[in-house]
Amino acid sequence: MPSSVIKSFSYHAESKILTIVFVSGYIYHYKNVPQTVFNSFKSATSKGRYFNERIKNKFRFKKL
């Protein structure tokens, strides 16, 4: 999963929380992310582009 912005990510289907670890070291939990959005994110060629277009500013989040 090469990305210049996103280091890693995981998804908890029961709580619908998408966790993204950025290259900067910051960790965010995005809330109420549907499984379909996660699946599309996971298979996206550009994780950064998909994040910016479909996740950022679309879901509530908590910075850890």
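The values are calculated or read from the model by the stated rules, or taken from the named source; none is laboratory data. Keep in mind that this is a model prediction, so the values were computed, not measured. Note: ideal-geometry Cβ built from the backbone for every residue, glycine included; neighbour counts use all protein chains shown. With ligands, DNA and RNA removed, areas are computed over all heavy atoms of the protein, side chains included. Shrake-Rupley method; radii C 1.70, N 1.55, O 1.52, S 1.80 Å.
Is there a residue being surrounded by 13 or more Cβ atoms within 10 Å (Cβ to Cβ), assigned to a strand (DSSP E or B), of a type outside the set (Ser, Thr, Tyr) and within 10 Å of the chain's Cα centre (by Cα) anywhere in region 8-17? Within region 8-17 (the criterion being surrounded by 13 or more Cβ atoms within 10 Å (Cβ to Cβ), assigned to a strand (DSSP E or B), of a type outside the set (Ser, Thr, Tyr) and within 10 Å of the chain's Cα centre (by Cα)), the answer is yes, since at least one residue qualifies.
For region 26-58, residues that are open to solvent by 40 Å² or more (accessible area, probe 1.4 Å) and either touching a Gly at 6+ places or on another chain (Cβ under 8 Å) or not in a helix (DSSP H, G or I) (or both) total 12.
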